[in-house]
Amino acid sequence: MSDGYGAQSMTAPLKRVVMRRPGLEMAAADPAAWHYTSAIDLGAARAAHDVFADALRAWGVEVLYHEEPLPGLADSVFVFDPVLVTDRGTLVLSMGKEKRRGEEEPLARTLQACGVPVYGRLEGAARVEGGDTMWLDHDTLAVGRGFRTNAEGVRQLRGLLEPLGASVVDYDLPYFTGPEACLHLLSAISPVDTDLAVAYPALMPVAFWAELRRRGVRLLEVPEGEFLHSQATNVLCVAPRRCVMLECSPVTQRLLEDAGCEVVTFPGEPLSFKTEGGPTCLTRPVWRDAV
């Protein structure tokens, strides 16, 4: 978009992104209630987050900050989930995790202040989280239906995207470890180019896997240990074959580098490993320039 927004891609060069630094709401969170492995050290979490933001700036990405107070919303640092940014503006979603509801409109207001209009909203019983969405190309959005995204959400999303010339293809996600865990469609895959992605196929819907194969997407399969313990499938593509990932996944990092990718890492222990949210989750792309 010439207006500085529009992100109907996972791999086009990233120009603008919204982030939210870890705040007091996360530091005060009860780990058991929020499904964190332990309490958050705010200083250490912010330091890791800042290393990540600096890496994006070093690659020429404009980093915008979502700073509206959100007391009690500990997961609000994960700005990927409450909205999508389309060529016509923000599509405001509705979170499937009940504790996260209320994050959506504040993020939309921040985007409006940055010049991104609201294009549409999900309503009523519709539930979709950004982590369950993946652009297969500019005009095709893959959506995973599971504990965070429901059939009504998919139906409304399809209706909102149709006027943009975009279609929705949806897939059932597996149960995995149950409703309390965070299993999104993007938990199992991160594209790093139009024909390359890191993935953990064991948790991918078969029809989704088949569609990627039909499109000629090569999957770099991450080992089970790095999937389970260091979020190796959570990789942010900044430009084709240029990406950011968490430290402590040496096998996956080597697979990416052997495939011709430039990889930067940042510490995962202070924030991401405790809260199930890596670099993709910590960013909401505002503008990816496909030209």
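For the stretch 189-198, a tally of residues being assigned to a loop (DSSP other than H, G, I, E, B) and either in contact with a Phe, Trp or Tyr (Cβ under 9 Å, 6 or more places away or on another chain) or not acidic (Asp, Glu) (or both) returns 1.
Note on the stretch 158-167: residues that are in contact with a Ser or Thr (Cβ under 8 Å, 6 or more places away or on another chain) and within 18 Å of ASP81 (Cα to Cα) total 2. Within the stretch 215-242, residues that are farther than 18 Å from VAL17 by Cα have Cβ atoms under 9 Å from residues that are of a type in the set (Phe, Trp, Tyr) and surrounded by fewer than 19 Cβ atoms within 10 Å (Cβ to Cβ) in these pairs: LEU219/TRP209, counting only partners at least 6 apart in sequence or on another chain. Only residues that are among the aromatic types (Phe, Trp, Tyr), at pLDDT 95 or above and more than 14 Å from MET134 (Cα to Cα) were counted in the stretch 156-200, giving 1. Can you name the residue in the stretch 227-252 that is surrounded by fewer than 22 Cβ atoms within 10 Å (Cβ to Cβ) and not aliphatic (A, V, I, L, M) and, of all such residues, is nearest to ALA142 (Cα to Cα)? By that ranking, first place goes to PRO240.
Every residue in the stretch 1-38 that is among the small types (Gly, Ala, Ser), farther than 19 Å from THR283 by Cβ and touching a residue at least 40 places away in the same chain (Cβ under 8 Å), please. Step through it out loud before you land on a result.
Residues of the stretch 1-38 among the small types (Gly, Ala, Ser): 2, 4, 6-7, 9, 12, 23, 27-29, 32-33, 38.
Keeping just the survivors that are farther than 19 Å from THR283 by Cβ gives 2, 27-29, 32-33, 38.
Within the stretch 1-38, ALA28, ALA29, ALA33, SER38 qualify.
Is it fair to say ASP81 is among the charged types (D, E, K, R) and crowded, with 20+ Cβ neighbours inside 10 Å? Yes; evaluated as a whole, the condition is true for this residue. Filtering the stretch 249-291 to residues that are acidic (Asp, Glu), more than 26 Å from ILE40 (Cα to Cα) and outside any helix (DSSP H, G or I) leaves GLU262, ASP289.
A count restricted to the stretch 118-134 and to residues that are charged (D, E, K, R), surrounded by fewer than 23 Cβ atoms within 10 Å (Cβ to Cβ) and farther than 11 Å from GLU104 by Cα stands at 1.
If I ask for residues that are touching a Pro at 6+ places or on another chain (Cβ under 6 Å) and either aliphatic (A, V, I, L, M) or surrounded by fewer than 17 Cβ atoms within 10 Å (Cβ to Cβ) (or both), which ones from the stretch 186-202 would you list? Give the derivation first.
If we filter the stretch 186-202 for residues that are touching a Pro at 6+ places or on another chain (Cβ under 6 Å), which is where we start, we get 193, 197.
The one that is touching a Pro at 6+ places or on another chain (Cβ under 6 Å) and either aliphatic (A, V, I, L, M) or surrounded by fewer than 17 Cβ atoms within 10 Å (Cβ to Cβ) (or both): ALA197.
In the set (1) closer than 20 Å to THR280 by Cα; (2) among the acidic types (Asp, Glu); (3) in contact with a Lys or Arg (Cβ under 8 Å, 6 or more places away or on another chain), the condition left unmet by GLU103 is number (3).
Let's see how each residue does on (1) surrounded by fewer than 17 Cβ atoms within 10 Å (Cβ to Cβ); (2) under 30 Å from GLU162 (Cα atoms); (3) out of contact with any Gly (no Cβ under 7 Å at 6 or more places or on another chain):
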{"residue": "GLY23", "(1), (2), (3)": "no, no, yes"}
{"residue": "PRO31", "(1), (2), (3)": "yes, no, yes"}
{"residue": "TRP34", "(1), (2), (3)": "no, no, yes"}
{"residue": "ALA47", "(1), (2), (3)": "yes, no, yes"}
{"residue": "TRP59", "(1), (2), (3)": "yes, no, yes"}
{"residue": "GLU62", "(1), (2), (3)": "yes, yes, yes"}
{"residue": "GLU67", "(1), (2), (3)": "yes, no, yes"}
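Which one is surrounded by the most Cβ atoms within 10 Å (Cβ to Cβ), of the residues in the stretch 253-291 that are of a type in the set (Gly, Ala, Ser) and within 12 Å of the chain's Cα centre (by Cα)? Give the derivation first.
To start, the set of residues in the stretch 253-291 that are of a type in the set (Gly, Ala, Ser) comprises 259-260, 268, 272, 277-278, 290.
Okay, now just the ones that are also within 12 Å of the chain's Cα centre (by Cα), so 277-278.
On the way: GLY277: 22, GLY278: 29.
The selected residue is GLY278.
Among the residues of this structure, LEU84 does not count as one that is out of contact with any Lys or Arg (no Cβ under 6 Å at 6 or more places or on another chain), hydrophobic (A, V, I, L, M, F, W, C) and not in a strand (DSSP E or B).
Scanning the stretch 29-72 for residues that are part of a loop (DSSP other than H, G, I, E, B) and under 15 Å from THR275 (Cα atoms) yields ALA29, ASP30, HIS35, TYR36, THR37, SER38, ALA39, ILE40, ASP41.
Only a single item in (1) within 26 Å of GLU269 (Cβ to Cβ); (2) of a type in the set (D, E, K, R); (3) touching a residue at least 60 places away in the same chain (Cβ under 8 Å) is not met by ASP50, and it is number (3).
The values are calculated or read from the model by the stated rules, or taken from the named source; none is laboratory data. Remember, it's a predicted structure, so these values are computed and weren't measured experimentally. Note: ideal-geometry Cβ built from the backbone for every residue, glycine included; neighbour counts use all protein chains shown.
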